[in-house]
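Worksheet for the structure shown next.
The values are calculated or read from the model by the stated rules, or taken from the named source; none is laboratory data. Just so we're clear, the structure is a prediction, and the values are computed from it rather than from any experiment. Glycine gets a Cβ as well: all are built from the backbone with ideal geometry, and neighbour counts include every protein chain shown.
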Amino acid sequence: MKFLLGTKVNMTQIFDEKGIVHPATVVKTGPMVVTQVKTVETDGYTAVQVGFGTRAAKNINKAMKGHMKEGNFMHLVEFRMDDVTAYKVGETVPLTFAAGDMVTTSSISKGKGFQGVVKRHGFKGGPRSHGQKHSEREPGSIGGGGRDGGRVAKGKRMAGRMGSDVITSKGITLVGVNPDANEVYVRGAVAGRRGTLVEILG
């Protein structure tokens, strides 16, 4: 299994050899250093933990400093896989992706705070006329009567916190890879703001 960590930069457009333009998201990569190799004997499963990005040493507690002997990493991400014999602690994971690869991306979407049902779920709201005064964006009845036994059913679409969800997109194509600039170009949009951590699996 191939994997990659990067941060979202912005969106651009890439022209292929046929002159067809593709919308693309620029993902800035960097050195990924193996910080731990987990095995069935020691941890009960097999996985590789890698560190990505940097942060000031004063912002890391002593326990994490002892764990991250190879550097002051901003992110620690674990990838489960069947065979971990090719990885050793302290080694840098090379960039093995190429243009045309089909990948899966995962990132955290933009947080939008507490939102109503119109913005969060696309409700149309109440009528705008015939004496309706303050019901333009209200949810209306939430069905707490006889059908649900006098309670609000679980999963009812209501107002609440919106965004900051892990969004996973499968079957995405890499339209370009630039090893010199440590950038990969993912076709289409990737969830999250600029600077969001993006996981790419191949």
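Answer yes or no as to whether GLY6 is in a helix (DSSP H, G or I) and either at pLDDT 90 or above or out of contact with any Gly (no Cβ under 6 Å at 6 or more places or on another chain) (or both). Break it down into steps so the answer makes sense when it comes.
Numbers: in a helix (DSSP H, G or I): no; either at pLDDT 90 or above or out of contact with any Gly (no Cβ under 6 Å at 6 or more places or on another chain) (or both): yes.
No; evaluated as a whole, the condition is false for this residue.
Which of the residues belonging to the stretch 107-131 are hydroxyl-bearing (Ser, Thr, Tyr) and outside any loop (DSSP other than H, G, I, E, B)? Walk me through how you get there before you give the answer.
Narrowing the stretch 107-131 to residues hydroxyl-bearing (Ser, Thr, Tyr): 107, 109, 129.
Matches in the stretch 107-131: SER107 only.
Just to be sure I understand the filter: pairs with C-beta atoms under 7 Å, separated by 6 or more residues or on different chains, first member in the stretch 80-106 and part of a strand (DSSP E or B), second member surrounded by fewer than 14 Cβ atoms within 10 Å (Cβ to Cβ) and aromatic (Phe, Trp, Tyr). Which pairs pass?
Going by the 7 Å Cβ cut-off, the qualifying pairs are ARG80/TYR45.
Filter the stretch 155-202 down to residues that are of a type in the set (Lys, Arg) and surrounded by 15 or more Cβ atoms within 10 Å (Cβ to Cβ), then give me how many there are. Don't jump to the end; show me each part of the working.
Going through the stretch 155-202, the residues of a type in the set (Lys, Arg) turn out to be 156-157, 161, 170, 187, 193-194.
Going one step further and asking which of them are surrounded by 15 or more Cβ atoms within 10 Å (Cβ to Cβ), we end up with 187.
Number satisfying all stated conditions: 1.
Check off (1) over 26 Å from LEU174 (Cα atoms); (2) out of contact with any strand residue (DSSP E or B) (no Cβ under 7 Å at 6 or more places or on another chain) for ARG120 and give me the number that stays unchecked.
Failed condition: (2).
Taking strands (runs of 3 or more DSSP E) that fall entirely within the stretch 132-202, which contain at least 1 residues that are touching a helix residue (DSSP H, G or I) at 6+ places or on another chain (Cβ under 9 Å) and more than 13 Å from VAL27 (Cβ to Cβ)?
Working: elements: 160-163, 166-178, 183-187, 197-201.
Output list reads 160-163.
So if I check each of GLY188, GLY176, which one is touching a residue at least 60 places away in the same chain (Cβ under 8 Å), farther than 24 Å from GLU78 by Cα and within 16 Å of the chain's Cα centre (by Cα)? I'd like the intermediate steps shown before the answer.
Values: GLY176 fails: within 16 Å of the chain's Cα centre (by Cα).
After applying the criteria, what remains is GLY188.
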